[in-house]
Amino acid sequence: MLWEEAAQGFAAMGSESRLQVLRSLIRAGREGLTVGEIQERTGIAPSTLAHHLKFLTGAGLVDQARAGRSTLNRANFEQLEKLAGFILSECCADLLQNKAANDG
């Protein structure tokens, strides 16, 4: 994952409301939720919710598909796993490097 892609993903999660939306979609699993179902779970107003979904979709964290008259929203678990891997990939690297230098 490139720095720019990671920054965009983390920025998309940078508000309490977008985190609520994303968490609702994660809890729903791969079946996803309609916009109305997300509204019920989060209490976010329709126009505001549309803005947040656009932001999350633009960052690749949410996928949308038409289901009849509704739009089905799903968390993009692959992209979320990449973001988690990106931020955790350097875990303890300095400690390991310092330990190797002290042991050597």
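The values are calculated or read from the model by the stated rules, or taken from the named source; none is laboratory data. All of these numbers come straight from a predicted model, not from anything done at the bench. Don't worry about glycine lacking a Cβ; one is built from the backbone with ideal geometry, like all the others, and counts go over all protein chains shown. SASA here: full protein model, heavy atoms, side chains in, ligands and nucleic acids out. Shrake-Rupley method; radii C 1.70, N 1.55, O 1.52, S 1.80 Å.
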Exercise. Restricting the first residue to region 53-81 and requiring it to be touching a residue at least 40 places away in the same chain (Cβ under 8 Å) and under 14 Å from GLU37 (Cα atoms), which pairs with a second residue that is assigned to a strand (DSSP E or B) and hydroxyl-bearing (Ser, Thr, Tyr) meet a Cβ separation below 7 Å and a spacing of at least six or different chains?
Worked result: LEU72/THR34
Problem set entry | Enumeration of residues in region 3-16 that are open to solvent by 40 Å² or more (accessible area, probe 1.4 Å) and assigned to a helix (DSSP H, G or I) | TRP3, GLU4, GLU5, ALA7, GLN8, PHE10, ALA11, GLU16
Exercise. In region 17-43, which residue that is assigned to a helix (DSSP H, G or I) and among the β-branched types (Val, Ile, Thr) is farthest from ALA75 (Cα to Cα)?
Worked result: THR42
For this session: Tell me, please, whether a residue that is part of a helix (DSSP H, G or I), open to solvent by less than 50 Å² (accessible area, probe 1.4 Å) and among the polar types (S, T, N, Q) can be found in region 71-92.
Result: yes
Problem set entry | Filter result (part of a strand (DSSP E or B), open to solvent by 50 Å² or more (accessible area, probe 1.4 Å) and out of contact with any Lys or Arg (no Cβ under 6 Å at 6 or more places or on another chain)) within region 54-69 | GLN64, ARG66, ALA67
Exercise. Taking region 18-40, which residues are of a type in the set (Gly, Ala, Ser) and surrounded by 16 or more Cβ atoms within 10 Å (Cβ to Cβ)?
Worked result: SER24, ALA28, GLY32
